[in-house]
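The structure appears right after this line, and notes come after that.
The values are calculated or read from the model by the stated rules, or taken from the named source; none is laboratory data. Predicted model, so just to flag it, every value in this text is computed and none were measured. Note that each Cβ is placed from the backbone with ideal geometry, even for glycine, and that neighbours are counted across all protein chains shown.
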Amino acid sequence: MSFSYHCYNCDNQFNSSQVSYSCPKCEGLVLIETITEIVKKLFSKKFQPDSFWDFRAILPKIDDQFIVSLGEGGTPCRRSKRLGKIWNIDGLYFKDETQNPTNSFKDRAAALLVSHAQSLKKNKIICASNGNQGASIAAYASLEGMECTNIIPKKIDVGKKAQMIAYNSKIIENGDYVDEAIEEAIKSKYKEYYQATPEFNPLTIEAQKTISYEIFQQVGPIEGIIVPMGSGGLLLSIWKGFKELREGGIIKSLPKMIGVQSQASSPIVNQMEQIEEILNKPIKKGFNSYALGILVKKPFYQDLALKAIKYSNGMAISIPENIMLTSAEELASNEGIFAEPASALTVGALNILREENKIRTNEKIVCMITGSGLKTPHVLEALSSRAKTAGLGGILSTKLKILSQISISHKNGIYGKKIGEILGGISLAAVYQHLKELEERELIKRQKKGKSVYYRITEKGKKVLEALETLITLL
Ligand SMILES: [Zn+2]
């Protein structure tokens, strides 16, 4: 098999039978090129995709006998039942990748990479990751009895590690950060292995871009997509998918790529300020020095991801850590999707962008839900140990807390997000629902200032609050 590569640094185009991630001329990052005519042909008719392999024509060619599959892809892109109404977004959709065989979007990459490894008759496979890709690769490798080695940082989600162990993978712990694990995996002692570390294998991007194709076939053209960013690889993949659809004349314009990171670690979002500089500078691969400091500060696909965001008129946003857990709960309790914190970030972002009016009510927006919350024990613990007051009592006390908060706020009022931050442990959607109900009962009133909405207590509200507080002292 021969791959056709395009260097994003010097525009060099070359063919090679080898899997390569950097340009032989300039060491820039390379991605695999897709033939536009094949894209046009495949999308000339509408179909409901029910498998990753429905898009096989656009993926690197692998013979039937080598295909390894657990039934990945074809995941639902479901219209929101409740959150869309709460936030007043008509066309809110969730692309639910938790429904893949090992409960993350990485099964797409694992299916393609392990199939490719089979076609090369490789019997050993290596992968450095912080969990999802490693768990997926282990599962698919187990189908073929391949020897699988996962290199991981010391701390990863225990659910992901348990998956690797269950799928019979060897595990090597290396360093505190995934960057160190990645650095280890490229060492020459592993040169006999099939390289399944996402950063070193651009077939990963090819596999993940099928998410865009599926979304198009499922719900048609969209205005925006919200994607969590680690290395930036998923955002880049999704952008590549939509870009190919546009080049094939299937869609007219690219959806806004909206990248989200946690405020605890948001190197890509921070770089957004230097966007003009990045657009004009060459894109070199991020592993020249193999130095930890640089790697932590510089996610592998950072510059390409930022270009994708810029060219799609998108945005990069970071979300406070405390919103992460409440967003996960919000998504589960309103939409029946239990997501890992990274994907719940997309819901937190949506909330904030809507409040700032950066997403309009009539837009068709997709939130990427990348992996399952069942893999992340601290979310499980936080949720299961939370002593929730059931029924009316709980509702009453939350409303009372919100009303109290508004009554003691600045005379100019307080905005919804602030209330959520002060109360803690409550989703923003829930705050807004309570605010709406308090407003309907004329206990509070709203005032628009610029793009923000502030809430103030009414005279009626003060009386009710006083009465409630008296009542509580009697309980
Ligand atoms: Zn080059």
- Given Phe66, Phe43, Phe55, which one is more than 30 Å from Gln302 (Cβ to Cβ), aromatic (Phe, Trp, Tyr) and crowded, with 20+ Cβ neighbours inside 10 Å? Phe43
- Item | helices (runs of 4 or more DSSP H) contained entirely in region 368-460, each with at least 1 residues that are at pLDDT below 85 | 377-385, 391-407, 416-423
- Condition test on Tyr194, is it crowded, with 24+ Cβ neighbours inside 10 Å, closer than 30 Å to Ala141 by Cα and of a type in the set (Phe, Trp, Tyr)? yes
- Message: Suppose the filter is basic (Lys, Arg) and farther than 30 Å from Asn362 by Cβ; does Lys81 pass it?
- Response: no
- Filter result for Gly159 (assigned to a helix (DSSP H, G or I) and small (Gly, Ala, Ser)): yes
- Message: Looking only at residues that are assigned to a loop (DSSP other than H, G, I, E, B) and touching a Phe, Trp or Tyr at 6+ places or on another chain (Cβ under 8 Å) in region 120-135, which one is nearest to Tyr190 (Cα to Cα)?
- Response: Lys122
- Can you tell me which of Lys189, Lys209, Lys154 is among the basic types (Lys, Arg) and either touching a residue at least 60 places away in the same chain (Cβ under 8 Å) or surrounded by 24 or more Cβ atoms within 10 Å (Cβ to Cβ) (or both)? Lys209
- Out of region 214-236, which residues are within 13 Å of Phe55 (Cβ to Cβ) and surrounded by fewer than 24 Cβ atoms within 10 Å (Cβ to Cβ)? Phe216, Gln217, Gln218
- Item | The one condition in (1) more than 20 Å from Glu97 (Cα to Cα); (2) part of a loop (DSSP other than H, G, I, E, B) that Ile222 fails to fulfil | (1)
- Taking the options Lys25, Lys85, name whichever one is modelled with pLDDT under 95, surrounded by fewer than 15 Cβ atoms within 10 Å (Cβ to Cβ) and under 30 Å from Glu330 (Cβ atoms). Lys85
- Look through Ser169, Ser136, Ser104 and report the one residue that is touching a strand residue (DSSP E or B) at 6+ places or on another chain (Cβ under 7 Å), under 24 Å from Gly232 (Cβ atoms) and free of Cβ contacts under 8 Å to residues at least 40 places away in the same chain. Ser136
- Message: For region 287-296, check the following and say yes or no: at least one residue is part of a helix (DSSP H, G or I), under 30 Å from Pro377 (Cα atoms) and modelled with pLDDT of 85 or more.
- Response: no
